[in-house]
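First comes the structure, then the notes that go with it.
None of the figures in this text is laboratory data; all of them are computed from the coordinates on show. For clarity, every value in this text was computed on a predicted model and none was experimentally measured. Reconstructed Cβ throughout: ideal geometry from the backbone, glycine too, with neighbour counts over all protein chains shown.
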Amino acid sequence: MSGSLLQERRPGGGANLAAEPVLEVKELKKHFPVRKGILRRTVGHVYAVDGVSFSIAQGETLGLVGESGCGKSTVGRAVMRLVEPTSGRIRLNGHDITRLSKAEMRPHRREMQIIFQDPYSSLNPRMPVGRIVGEPLYVHGIGTAKEREERVAALFERVGLRAAQMKNYPHEFSGGQRQRIGIARALTLDPKLIIGDEPVSALDVSIQAQVINLLMDLQQEKRLSYLFIAHDLAVVKHISHRIAVMYLGRIVELADTRTLFTDPQHPYTEALLAAVPVPNPRQKRKRRILQGDVPSPIRPPPGCHFHTRCPYAEERCRREVPVAKEVAPGHVVACHLR
Ligand code: SF4
């Protein structure tokens, strides 16, 4: 995505870092079994998420980036409890929700919502969009029919749609409008945390900018916290206060956005940054283009997962898993050389 449409805007400074985090994730793992044969015996595992830790403050956006298949979407789904974590801990507003049953999760579901990359596939094509957006209110038994309708109409206006469009069906909207409907639906229950799983990746550049600006405005108004998942560092840069970089199921670097862009410490972050277009052509960036593909998460390389592509790899990297270290306040790196 070209940075030009968004470069004037910075994330708001309203993140409340002193208060208890809205979301706290500790050593989260999700290993999917690989089954084969008539008896469906487990013959291995996909190590989609392999010990991920982070927190998000009120009013803060944490960007989660990495190449496709690195496990970032699985992190979002595990936090939402759409997939069961293998181990680790998820705390939402101070409550441990890792092992709660469906019924126990119900009150916490209101607190966090997800926006998907392709809103069309998550919008029922046979339902008017007003009903889709209002359905969570109905399911949770909130308000009278009239109050629900008024709330949905207000949400439509807030996300840049017209209340009159509530009776239209999903196919009558453009991609950008459908993502606005997805955002309205996510806001229906007044959540504290929104997980955006590649929410703008399928949109045209100019529409991406509009949707990101809308999300930033809503964050300031409602003190929302975002986990913003994307493969594109340029997109994540504009909306995120901090960024976590993921590679093959692990976070390899986490820092505030400015530090990550000006002083990256992990060779993988360096390589990702080399692919981001620089607005000023005279401003040169150290270019170290990544070689090879991401290895399979079924058989991740031992030691540092990145050693098969790292230009600085040494013997130790092939044997020992690098421990995440705080190299400066708030700047965490998992590399033997740091
Ligand atoms: Fe490269 Fe070794 Fe650091 Fe991994 S631990 S990123 S292989 S130098």
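Summing charges over all other residues whose Cβ lies under 14 Å from the Cβ of ARG148, with Lys and Arg as +1 and Asp and Glu as -1, gives -1.
Only aspartates and glutamates eight or more places from LYS146 in sequence, or on another chain, were considered; those with a Cα closer than 15 Å are GLU135.
Quick check: from the Cα gyration tensor, does the stretch 39-125 come out rounded (a/c under 1.5), prolate or oblate? It is rounded, given that a/c, with a ≥ b ≥ c, falls under 1.5. Computed over every Cα-Cα pair of the chain and binned at 10 Å starting from 0, the pair-distance distribution P(r) comes out as 5, 24, 32, 24, 11, 3, 0 percent. Residue by residue, the stretch 142-153 carries 3J(HN,Hα) couplings of 9, x, 7, 4, 5, 4, 5, 5, 5, 5, 5, 4 Hz when phi is fed to the Karplus relation 6.51 cos²θ - 1.76 cosθ + 1.60 (θ = phi - 60°); x denotes Gly or Pro.
Average the reciprocal distances over every distinct pair of alpha-carbons in the stretch 19-81, invert the result, and give the Kirkwood radius in Å.
On the way: mean 1/r = 0.0742 Å⁻¹.
13.5 Å is the Kirkwood radius here.
Ranked by how many other Cβ atoms sit within 10 Å of their own Cβ, fewest first, the residues LEU254, LEU233 fall in the order LEU233, LEU254. Neighbours of PRO170 by Cβ distance under 15 Å: Lys/Arg scored +1, Asp/Glu scored -1, total +3. Couplings for the stretch 248-261, taken from phi via the Karplus curve 6.51 cos²θ - 1.76 cosθ + 1.60 with θ = phi - 60°, read 6, x, 10, 7, 9, 7, 9, 7, 5, 4, 5, 5, 4, 7 Hz in order; Gly and Pro are left as x.
In this structure the amide hydrogen of VAL252, modeled in the peptide plane, comes within under 5 Å of the amide hydrogens of VAL245, MET246, TYR247, none closer than 5 places in sequence on its chain.
Computed from point charges on the beta carbon alone (+1 for Lys and Arg, -1 for Asp and Glu), the dipole magnitude for the stretch 124-166 about its Cα centre is near 100 Debye. Distance between the 7 Å Cα→Cβ label points at ARG106 and ASN168: 3.6 nm.
Working from Cα pairs under 8 Å separated by at least six residues, relative contact order for the chain is 21 percent. With the cut-off at under 17 Å, measuring from each backbone N in the stretch 311-328 to a point 7 Å along the Cα-to-Cβ line of HIS45 picks out 321.
Using only side-chain charges placed at the Cβ, +1 for Lys and Arg and -1 for Asp and Glu, the dipole size of the chain relative to its Cα centre rounds to 700 debye. Its convex hull of Cα atoms gives the stretch 168-320 a direction-averaged projected area, equal to a quarter of the hull surface, of 11.9 nm². Take every DSSP beta bridge whose two residues both sit in the chain; close to 65 percent of them are antiparallel.
Positive end of the dipole of the chain (Cβ unit charges, origin at the Cα centre): among LEU215, PRO300, ALA186, the Cα lying farthest that way belongs to PRO300.
Going from the residue with the fewest nearby Cβ atoms within 10 Å to the one with the most, LEU203, LEU218 rank LEU218, LEU203. Karplus-based coupling profile of the stretch 185-202, in residue order and whole Hz: 5, 5, 8, 3, 9, 6, x, 9, 10, 10, 9, x, 9, 6, x, 10, 5, 8, with θ = phi - 60° in 6.51 cos²θ - 1.76 cosθ + 1.60 and x standing for Gly or Pro. Taking square-rooted eigenvalues a ≥ b ≥ c of the alpha carbon gyration tensor, is the stretch 104-197 rounded, prolate or oblate, where a/c under 1.5 means rounded and, failing that, a/b exceeding b/c means prolate? In terms of gyration-tensor shape, oblate.
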